[in-house]
Each structure stands twice: as C-alpha cells, then as structure tokens.
Amino acid sequence: MKKFYVTTPIFYPNDIPHVGHAYTAIAADILARWHRLKGEDVFFLTGTDEHGKKIESAAKKQGKKPKEFVDELVKKYKDDWKKLNVDYDRFIRTTDKDHEKVVREILQKCYDKKDIYLGKYEGFYCTPCEQYYTEKDLVDGFCPVHKIKAEKLKEKSYFFKLSKYRKKLLALYKKGFILPKSREMEIINRVRGGLQDLSISRTSFDWGIKLPFDEKHIAYVWFDALTNYYSATREKGKEKFWPADLHLMGKEILWFHSAIWPAILLSAGIKPPKNVFAHGWLTIEGEKISKTTGNVINVDELVSLAGLDSARYFLMRSVPFGEDGDFSRTALVDRHNNELADKLGNLVSRVSALAEKYGIEKTQNDLMKKFKEKEIENHFENYELDKVLNEIFAFVDICNEYVQEKKPWETHDKKVLFELVEAIRKISFYLSPFIPQTSEKINKIFETNKIKKAEVLFKKI
Ligand code: MSP
C-alpha cells in the first residue's frame, strides 16, 4: 500500500494558536484527507516545540514551571485543532520521552561521525527566533524578522559541521527537494554562497535536552525540534513512514527545513525527507498578525465568522497556495455568501428538491465530460490547493448553468437530474478534504437514489 507522511511545523506553545498556525494545520489536514481518500496509508503529524529560552521566559513571566506552562497551552492547541477538524494521527511534544531519546541518539550519531565539535560562539541572539544572527544580518542592530534588539551573547558551544554538507545539499536540491519552485533559488544561492557551521548547544539556561556527550550543554532548540519528524516514526509500527513525504511550513522557517534538517539527517546516516513545501505568510486586513497591536484572529473567532467549513474553504481559496496573502473578515463572508451559499448550496438544494419530486434515471452522462478530474488530481499532487478549488467551482458553475438551460422543473427530465446528481456526488468527493462536514451532509442526501430535499447547507450572512 502506498504511504503518505505529512507534517506541520511543531508550534511554540507560548501562546494560543491564531489563524496563521491554523492555516498550516488545515492545509496539512487537507492533504492528509486527500491521500486517505486515495486509499493510501497516511500518517499526519503535528505538535509542539516546548524547549528553549523562549518558552522558559514565557513560563517565568507567569510564575510557572515550563512544563506546567506548556501543558495548558498544549491542551488549547489540541482543542483548537479539534474545532478545526484537523484530524492528525499523532500530536508530538518535544517533551515526550520517546522524542527526547531519539534526539540524544541523533546527536550521538553526528558526534561519532565527527560532525560535532566544541567551539565558542559570539553573536547576536534573537529569542523569538531562537536564532543567532551575525552583525550584518541585523538591521541597525535589530532582528530582521521581529524588529527587536538582538542580544549580544558569547558562550562555549558545540558546533555542527553544516559546511561539510554543502555539495550534498546542492545535489538534493537538484532532485526538486524544495517546493514551491519559486522559493528554491533563494536557498540554492545561500548554500552555494557557503555555509557556516551551526552552534547546536547552549549553557546559559537549562530547559532542554542534555547532550549525551556533555551534560553541561543542552541541545539547541532547533536541533531538538526538527528531529520530531523523524522521532515520531520510531514508534512501533510507524517506521515505514520514514522518509517523510512532505514537511509543510511557513516560508520564514524554510531554511531550517531545507538546509539544516537534511544536513543533520545526512550526517546521522538517515534518508532526508522527499519534499519540503513553504507556503506564504498571511496578514489580517492588510496588516501583520501581531499580539501587541491586537491584530489577531484566534480559532474561536475564525470559526464564528461564517462556520468552520467556510473558514477552511476561504483560507485555501483566497490565496494561491505558496504565496503570501491576506485574511479579511468581509472577504470571508463574501465568499461564504457568493460561492458556498449561492453556488454550491443552491445547486445542492435545487437538484435535491427536483430529484425528490421527479426521480432520477440512469443515462450516459454528458455533463460529467466537462468535469476536469485529471486536472484536479494533478493540482492536488502539486499542492496547488487553490487551483483544485478553482476547477471544482468552475464545474459548479457549469452545473448551475446546466440546470438553467435544461429546466428540469418544466421538463421533469429524470435523465438530466441523474447527470446532475452524479455531478454533485463527484463535486462532494473532491471537496471533502476541504469541507469535510458539508461533504458528509451532501453524501447523506445523495447516497441512495431515493433523494430527499437537502437542508440549507450554508445560511447566508
Ligand atoms: N517551533 C518552530 C517550528 C519548529 S518546526 C521543527 C516555529 N513555531 S511557530 O509557533 O512560530 O510557528 C510558525 C509556523 O506557524 C509558520 O511556519 C507557519 O506554518 C505558521 N504561521 C504562523 N504565522 C503565520 C502567518 N502569519 N501566516 C502563515 N503562516 C503562519 O516556528
């Protein structure tokens, strides 16, 4: 049986999830559902990145122990993923014992390979990034991502010989490792330009995993975090899922996934994942998502705007998957009204009502010839989720026009209604990864040939 292993980044549980985190989780869920639909053996992994200075400080601020602090937020993440119908197979936490064991094992492997050595680190650390910057990376001394002052730090540290893997990484990129293609060149150029060895241990705080060969040091949080993707497959029965088919993430952490992670694996003698895919960043109403300015949409608000399926649909429909985009509340409501209610809802409601009244009769289906099934499947395979929806909704339009043209309410033509019923079944099949609740309702209505008029699927707002 073909397998498909897809991951989200593991999120920092220093705050509750917002629409940006939900975006990645929903996209991964859609891909997982698509592969399940194809009958594949799917493993969908998500989770939380719980070690490091950032979490330690956030916990301290609330006067809590790090573990106690993250436990509450992990619960919130799990509840929210449930509310979003994100149907993962495992929620991994970097504080899980089985994960910690594998991190130490990989560190030891890289160390035995002589890819880890002791040195000294001097640089500018941005805690929200959990990353060192050189002076020239900073913008007037400020972190280029968070625009806050980076802290000058000097510490003894173990280094990973990232520089040694330059050629091997470039060979990997040649095989089409980085997706979408538009993001590949930036990484290739950076690797071509030369790699610096990576500081992979810390001594200035202790909320993390101890290095097996020097317990005074704790593992750099990114070394620890990236390993989650592999450690989850060390669980009994899950071994067959490695290498991962797809690591999905936001563009800001593509470097960690496309350079550092495969280099660590190559050093440890483990196959790299098949692909990494970096999607773009969402803004809200044209502005950066930010807790400080209050420009945030959490999961409860997201779902309350127009219902869960409309939110899932909107996120995938409104932004070409891979590119940056904007989340606007009114745009969501507009698409809910104009596309889901007026187009899809209307089609289902009219056809089910007419089919109940006049019945259906099997015939050769000319309408279905206009359904671009192959294209849709190709878009799924290429992670062009917005294009999947474009194709499906172009066909929904065709079906609505067909109803108008054939006027089955006048002709009582059972064959036309049969064509439309079959079309809706197909539409529902391909939409089910995006709007699982609604597809289930549609399937219930059309699963037998004794069709009953559907309830309203999407109430207009
Ligand atoms: N813990 C690291 C990842 C380690 S993976 C081995 C991390 N966590 S995070 O909580 O900051 O989550 C970042 C991810 O959340 C992004 O890569 C993206 O998937 C998602 N997003 C967060 N904000 C986002 C937007 N504004 N827009 C789109 N996705 C965003 O980084």
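Does F256 satisfy being touching a Ser or Thr at 6+ places or on another chain (Cβ under 8 Å), assigned by TED's automatic domain parsing to the domain that holds K78 and hydrophobic (A, V, I, L, M, F, W, C)? Here the answer is no, as F256 does not meet what is asked.
Looking at T283, T292, T233, can you tell me which residue is within 15 Å of the ligand (Cβ to nearest atom) and under 30 Å from L169 (Cβ atoms)? Answer to the check: T233. Remark: L172 falls outside the filter, which requires a residue to be modelled with pLDDT of 90 or more and closer than 29 Å to N14 by Cβ. Residues that are over 21 Å from the mean Cα position of the chain (by Cα) and free of Cβ contacts under 8 Å to residues at least 12 places away in the same chain within the stretch 249-308 comprise E287, T292, T293, G294, N295, S304, listed in sequence order. Among the residues of the stretch 10-32, are any touching a Gly at 6+ places or on another chain (Cβ under 9 Å) and more than 14 Å from the ligand (Cβ to nearest atom)? No: the stretch 10-32 contains no residue that is touching a Gly at 6+ places or on another chain (Cβ under 9 Å) and more than 14 Å from the ligand (Cβ to nearest atom). The set of residues in the stretch 233-250 that are small (G, A, S) and surrounded by fewer than 20 Cβ atoms within 10 Å (Cβ to Cβ) comprises G237, G250. The residue that is nearest to the ligand (Cβ to nearest atom), among those in the stretch 97-136 that are within 19 Å of P9 (Cβ to Cβ) and without any contact (Cβ under 8 Å) to a residue 60 or more places away in the chain, is C129.
Residue-by-condition table, conditions (1) among the aromatic types (F, W, Y); (2) surrounded by fewer than 17 Cβ atoms within 10 Å (Cβ to Cβ); (3) touching a strand residue (DSSP E or B) at 6+ places or on another chain (Cβ under 9 Å); (4) farther than 28 Å from K97 by Cα:
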| residue | (1), (2), (3), (4) |
| --- | --- |
| S258 | no, no, yes, no |
| K271 | no, yes, no, no |
| K288 | no, yes, yes, yes |
| R312 | no, no, no, yes |
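Based on this model, can you work out whether K216 counts as in the same structural domain as T48 (by TED's automatic domain parsing), basic (K, R) and in contact with a Phe, Trp or Tyr (Cβ under 8 Å, 6 or more places away or on another chain)? The answer is no for K216. When the helices (runs of 4 or more DSSP H) confined to the stretch 147-263 are screened for residues that are among the β-branched types (V, I, T), those reaching at least 2 such residues are found at 184-192.
May I ask you to list the residues in the stretch 128-167 that are within 23 Å of L211 (Cα to Cα), of a type in the set (G, A, S) and surrounded by 15 or more Cβ atoms within 10 Å (Cβ to Cβ)? Across the stretch 128-167, the qualifying residue is only S157.
Considering G194, G237, which residue is small (G, A, S) and within 30 Å of K147 (Cβ to Cβ)? Checking each option against the conditions leaves just G194. Checking L118, L107 one by one, the residue that is farther than 30 Å from P436 by Cα and surrounded by fewer than 19 Cβ atoms within 10 Å (Cβ to Cβ) is L118 and no other. Please determine whether any residue of the stretch 416-429 is free of Cβ contacts under 8 Å to residues at least 12 places away in the same chain and more than 24 Å from N338 (Cα to Cα). Looking through the stretch 416-429, none of the residues is free of Cβ contacts under 8 Å to residues at least 12 places away in the same chain and more than 24 Å from N338 (Cα to Cα).
Yes/no per residue for (1) touching a Pro at 6+ places or on another chain (Cβ under 7 Å); (2) hydroxyl-bearing (S, T, Y); (3) closer than 30 Å to D41 by Cβ; (4) within 16 Å of the ligand (Cβ to nearest atom):
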| position | (1), (2), (3), (4) |
| --- | --- |
| L162 | no, no, no, no |
| R183 | no, no, yes, yes |
| I200 | no, no, no, yes |
| Y220 | no, yes, no, yes |
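Right, L73: more than 27 Å from the chain's Cα centre (by Cα) and of a type in the set (A, V, I, L, M, F, W, C) or not? Spelling it out, it is not the case that L73 is more than 27 Å from the chain's Cα centre (by Cα) and of a type in the set (A, V, I, L, M, F, W, C). When residues in the stretch 240-261 are screened for being of a type outside the set (A, V, I, L, M) and out of contact with any helix residue (DSSP H, G or I) (no Cβ under 6 Å at 6 or more places or on another chain), 8 of them pass.
The values are calculated or read from the model by the stated rules, or taken from the named source; none is laboratory data. The structure displayed is predicted, hence computed values, not measured ones. We place every Cβ from the backbone using ideal geometry, glycine too, and count neighbours over all the protein chains shown.
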